[in-house]
1. In nm, what is the difference between 0.36 nm times the number of residues separating residue 67 and residue 52 and their Cα-Cα distance?
2. How far, in nm, would the chain grow between residue 116 and residue 102 when pulled straight, counting 0.36 nm per residue and subtracting the alpha carbon separation?
3. How high is the FRET efficiency between residue 80 and residue 26 when r is their beta carbon distance and R₀ equals 35 Å, given to the nearest 0.05?
4. Taking other Cβ within 10 Å of each residue's Cβ, how do 33, 19, 58 sort, fewest first?
5. With each pseudo-label sitting 7 Å past Cα toward Cβ, what's the residue 138-residue 38 distance in nm, one decimal?
6. Taking every Cα atom in the stretch 117-159, find the radius of gyration and the maximum pairwise distance Dmax, and write them in Å.
7. So if R0 is 22 Å, what FRET efficiency would residue 125 and residue 45 give, r being the distance between their Cβ atoms, rounded to the nearest 0.05?
8. Determine, for 7, 82, 89, the number of other Cβ atoms within 10 Å of each Cβ, and report the residues in order from fewest to most.
Ligand code: HEM
């Protein structure tokens with residue numbers, strides 16, 4: 001895959017990762033609103049929206065992005081292990097899966113159960129762990145965006161930018 005096709009793949013990739021990143025930031029914002037500004041009844045309305053947004057928005061965007069990663073790996077000069085920054089992006093992408101599943105979604109479900117039995121305290125006392133997992137996702141994705149743009153550890157100009165060949 002070369003030239004224009006590669007550019008289209010790049011557009012798709014930037015759009016889907018933009019949706020993934022932007023939606024994660026918004027979920028973080030919604031969670032903060034849910035923990036800091038609300039009472040118990042509002043909590044029970046807003047909190048279940050967090051796993052739902054992960055399912056409806058992040059899951060398709062993430063699967064689409066991973067599919068593009070496979071296309072980059074199998075059908076372009078970027079490969080899987082030819083460039084350290086591409087390999088690192090795979091490591092970070094795999095790391096994001098437990099941070100989303102066991103982390104943000106799992107912790108939100110256990111928090112909902114906890115609030116049902118012991119009541120709503122709000123703030124970081126209730127929301128700290130969920131907010132931590134969402135923040136980690138945002139930080140990791142920011143690092144991935146930096147890696148993608150700077151493409152560090154370049155061997156030489158040709159191998160660093162196969163789409164320009
Ligand atoms: C499976 C994981 C991923 C792989 C294998 C991968 C691979 C790549 C490759 C090879 C490029 C270079 C495209 C080019 O210059 O023609 C790229 C670009 C880019 N990637 Fe990824 N990516 C992955 C996930 C992500 C994620 C999760 C994000 C952000 C949250 C991201 C953000 C970007 C951005 C912003 C660019 C554009 C850089 C530029 O055009 O200068 N990628 N990716």
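Every number in this text was worked out from the coordinates using simple rules, so none of it is lab data. As the structure is a prediction and not an experimental result, all values here were calculated from the model. Please note: Cβ atoms are built from the backbone with ideal geometry, for glycine as well, and neighbour counts cover all protein chains shown.
1. 3.2 nm
2. Computed gain between residue 116 and residue 102 is 3.0 nm.
3. Computed FRET efficiency for residue 80 and residue 26: 0.65.
4. Listed from fewest to most nearby Cβ atoms, that is 33, 19, 58.
5. 1.7
6. In Å, with Rg to one decimal and Dmax whole: 18.7, 61.
7. Given R0 = 22 Å and the Cβ-Cβ separation, E is 0.65.
8. The fewest-first ordering by Cβ neighbours comes to 7, 82, 89.
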